[in-house]
Amino acid sequence: MIVVKNIRKTYRVTKRNAGFSEAVKSFFKRDYETVTALDNISFSINDGETVGYIGPNGAGKSTTIKILSGILTPDSGECLVDGRIPWKNRIGHVARIGVVFGQRSQIWWDVPVVDSFELLKDIYSIPADIYSRNKNELTELLDLGEILRTPARQLSLGQRMRCELAASLLHSPDILFLDEPTIGLDAVSKIAVREFIVKLNRERKTTIILTTHDMQDIEAITKRVILIGKGKILLDGDISEISGKGDIDRTVAELYRSYEI
Amino acid sequence: MNKEKQNCQHKTSAVKLYFHYISVKIRCMMQYKKSFILTSLGQFLSSFNAFVGIFFLFRRFHSIAGYTYSDVLFCYSIVVMEFSLAECVARGFDSFSRIVRQGTFDRIMTRPRNEILQVLGDNFEPTRLSKMLQAIVIFGYGISRSGTDWDFIKVITVILTVICGTAVFCGIFLINASLCFFTMEGLEVINIFTDGAREYGQYPIDVYGKRMTRFCTFVIPYTLVQLYPLQFITGRSDNILFAFLPVAALLFLLPCYALWRFGVRKYKSAGS
């Protein structure tokens with residue numbers, strides 16, 4: 001169970017105009033601007049839910065994920081994930097969650113994937129029996145087989161993403177955060193990833209929180225959507241509110257426009 | 001899922017995990033055989049010129065501020081050993097700006113392990129050990145030329161000096177890493193205390209005068225892992241305290257660690 005209450009997060013960013021002299025000026029005196037990434041957001045997510053967290057670039061999606069996964073501390077507000085405050089007890093918290101960043105790898109580049117898995121086994125202190133059961137199960141579901149013996153750098157993007165998913169699930173987390181997991185994948189890999197996530201949620205009851213710009217992902221995987229824009233939650237409801245009205249991309253674009261985000 | 005079972009089972013020990021990291025790191029390096037060999041060779045040769053400098057200096061002069069050729073060789077080899085071990089172990093701190101800027105630190109934060117353990121383990125750099133090998137050769141050469149009477153305590157002193165000296169250099173690398181949380185870029189100025197120390201540490205530090213000696217005792221404790229143990233080993237002083245003074249240098253790690261904690265807190269509040 002995830003409960004987020006009035007979370008606020010601001011960043012200070014530097015501003016300057018183009019040009020060399022402006023760069024020199026800003027070296028001595030910097031203009032800061034406070035950007036509100038999250039402006040009093042609240043929501044709660046039950047165990048086993050599948051939630052699509054959408055919004056345009058810079059809306060505050062990543063910031064939310066970073067707060068929920070213990071990387072960032074918010075300025076104010078409360079947040080409880082299965083009774084834990086993520087940023088207070090980082091180690092205890094992250095042992096129970098899995099995070100997949102589509103743009104950032106978590107497997108070691110130059111060794112066969114299975115070597116990375118073995119290392120993760122020690123990082124997460126996964127008992128041998130649970131590790132081998134999870135590994136076998138994930139190998140079968142994601143069709144990893146021979147891929148496991150290949151160094152990660154020689155894998156295609158689709159193969160690597162399947163390995164990333166497996167790597168983040170070896171310790172059987174209760175919650176899985178997916179940050180653009182299908183970015184850059186071909187149609188076959190995309191479908192494989194989606195089907196796997198749906199199956200994972202159905203069979204293991206893993207809570208899924210997915211951020212993506214790919215609305216087909218959202219349609220295929222999630223039952224609930226939270227729309228965030230300019231740091232505020234604009235819509236929180238069933239997927240049927242935005243799907244089934246023709247082309248989902250158009251519907252969402254329309255939605256963004258109506259909220260002026 | 002067997003959650004209960006998993007919760008009550010013990011953590012894989014930090015030491016075991018550290019060696020697992022190193023083993024993966026070495027496996028990675030073995031993928032690039034030529035690069036590994038050439039980097040090691042380069043490291044071996046790169047600090048050799050410092051030795052050549054000492055060699056030619058002592059062809060003309062027989063002592064510097066009362067220190068003989070073998071004293072200086074001894075000093076030089078100890079400092080290089082400390083430095084190269086620290087580079088090998090703490091390479092992750094040395095290249096920490098890359099880790100922060102590429103977002104690798106976010107990944108570290110999402111793993112249920114101490115941050116330092118992960119940074120060190122993941123960036124272990126075995127090629128630096130070739131420098132260590134070179135230092136050991138020169139150390140042996142220095143010993144064979146000096147008339148030091150070796151006893152058990154002196155052997156212990158050498159070992160302590162190298163270990164604690166490595167820790168001092170690691171501490172400086174840690175400061176460098178911590179500052180990346182504030183500046184994003186590594187600060188070249190810190191190299192004065194790392195590469196710089198390796199260079200001027202070739203000679204016993206009191207060669208540089210009283211002020212320098214004081215700075216290198218109370219601010220950054222180089223003398224505790226160089227000058228004082230050297231005086232004990234060469235018989236210049238029979239103060240037994242000097243033999244164990246290197247251990248006191250470990251206190252230096254406390255402020256370094258505090259700065260690191262402060263940096264991590266800053267990172268958590270501001271992000272990268």
### Message
So, in the range A:119-169, exactly how many residues are farther than 18 Å from residue A:104 by Cα and outside any helix (DSSP H, G or I)?
### Response
8
### Message
Going through B:117, B:133 one at a time, which residue ends up being part of a helix (DSSP H, G or I), at the interface with chain A (Cβ under 10 Å from one of its Cβ atoms) and out of contact with any strand residue (DSSP E or B) (no Cβ under 7 Å at 6 or more places or on another chain)?
### Response
B:117
#### Entry: the range A:131-142, residues that are surrounded by 13 or more Cβ atoms within 10 Å (Cβ to Cβ) and either of a type in the set (Phe, Trp, Tyr) or under 24 Å from the mean Cα position of the chain (by Cα) (or both)
A:131, A:134, A:135, A:137, A:138, A:139, A:141, A:142
### Task
Return the residue satisfying two criteria in turn: it lies in the range A:22-66 and is of a type in the set (Asp, Glu) and free of Cβ contacts under 8 Å to residues at least 24 places away in the same chain, and of such residues it is nearest to residue A:180 (Cα to Cα).
A:33
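Among the residues that make up the range B:139-155, is at least one of them crowded, with 19+ Cβ neighbours inside 10 Å, touching a Ser or Thr at 6+ places or on another chain (Cβ under 8 Å) and not basic (Lys, Arg)?
yes
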### Task
Run residue B:103 past the list (1) under 30 Å from residue A:133 (Cβ atoms); (2) within 9 Å of chain A (Cβ to nearest Cβ); (3) not hydrophobic (A, V, I, L, M, F, W, C) and report the number of the one that doesn't hold.
(1)
## Note on the structure
When (1) of a type in the set (Val, Ile, Thr); (2) in contact with a helix residue (DSSP H, G or I) (Cβ under 9 Å, 6 or more places away or on another chain); (3) away from every other protein chain (no Cβ under 14 Å) are applied to residue B:52, the one that fails is (2)
### Message
On the basis of being touching a helix residue (DSSP H, G or I) at 6+ places or on another chain (Cβ under 8 Å) and either within 14 Å of another protein chain (Cβ to nearest Cβ) or among the β-branched types (Val, Ile, Thr) (or both), does residue B:37 make the cut?
### Response
no
### Task
Could you check, for the range B:12-32, whether at least one of its residues is part of a helix (DSSP H, G or I), more than 14 Å from chain A (Cβ to nearest Cβ), more than 19 Å from the chain's Cα centre (by Cα) and closer than 23 Å to residue B:131 by Cβ?
no
### Query
Picking from B:245, B:230, which residue would you name as being free of Cβ contacts under 8 Å to residues at least 40 places away in the same chain, surrounded by 15 or more Cβ atoms within 10 Å (Cβ to Cβ), over 25 Å from residue B:114 (Cβ atoms) and of a type in the set (A, V, I, L, M)?
B:245
### Query
Any idea which of A:98, A:70 is surrounded by 15 or more Cβ atoms within 10 Å (Cβ to Cβ), modelled with pLDDT of 90 or more, at the interface with another protein chain (Cβ under 9 Å from one of its Cβ atoms) and assigned to a strand (DSSP E or B)?
A:98
### Query
When only residues in the range A:73-95 that are more than 7 Å from chain B (Cβ to nearest Cβ) and of a type in the set (A, V, I, L, M) count, which is nearest to residue A:49 (Cα to Cα)?
A:81
### Task
State whether the residues of the range A:3-11 include one that is away from every other protein chain (no Cβ under 14 Å), in contact with a Cys (Cβ under 6 Å, 6 or more places away or on another chain) and assigned to a strand (DSSP E or B).
yes
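Listed residues A:132, A:168; which is among the hydroxyl-bearing types (Ser, Thr, Tyr), touching a residue at least 60 places away in the same chain (Cβ under 8 Å) and more than 8 Å from chain B (Cβ to nearest Cβ)?
Only one candidate qualifies: A:168.
If you check residue B:65 against the conditions, is it hydrophobic (A, V, I, L, M, F, W, C), away from chain A (no Cβ under 14 Å) and touching a Cys at 6+ places or on another chain (Cβ under 6 Å)?
Numbers: hydrophobic (A, V, I, L, M, F, W, C): yes; away from chain A (no Cβ under 14 Å): yes; touching a Cys at 6+ places or on another chain (Cβ under 6 Å): no.
So residue B:65 fails the test.
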## Note on the structure
Residue hits (the range B:65-105; in contact (Cβ under 8 Å) with a residue 24 or more places away in the chain, surrounded by fewer than 24 Cβ atoms within 10 Å (Cβ to Cβ) and among the polar types (S, T, N, Q)) are B:68, B:70, B:95, B:97
### Query
Picking from A:142, A:120, A:138, which residue would you name as being touching a Lys or Arg at 6+ places or on another chain (Cβ under 7 Å), without any contact (Cβ under 8 Å) to a residue 60 or more places away in the chain and more than 8 Å from chain B (Cβ to nearest Cβ)?
A:142
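The values are calculated or read from the model by the stated rules, or taken from the named source; none is laboratory data. These numbers come from a predicted model, not from an experiment. Reconstructed Cβ throughout: ideal geometry from the backbone, glycine too, with neighbour counts over all protein chains shown.
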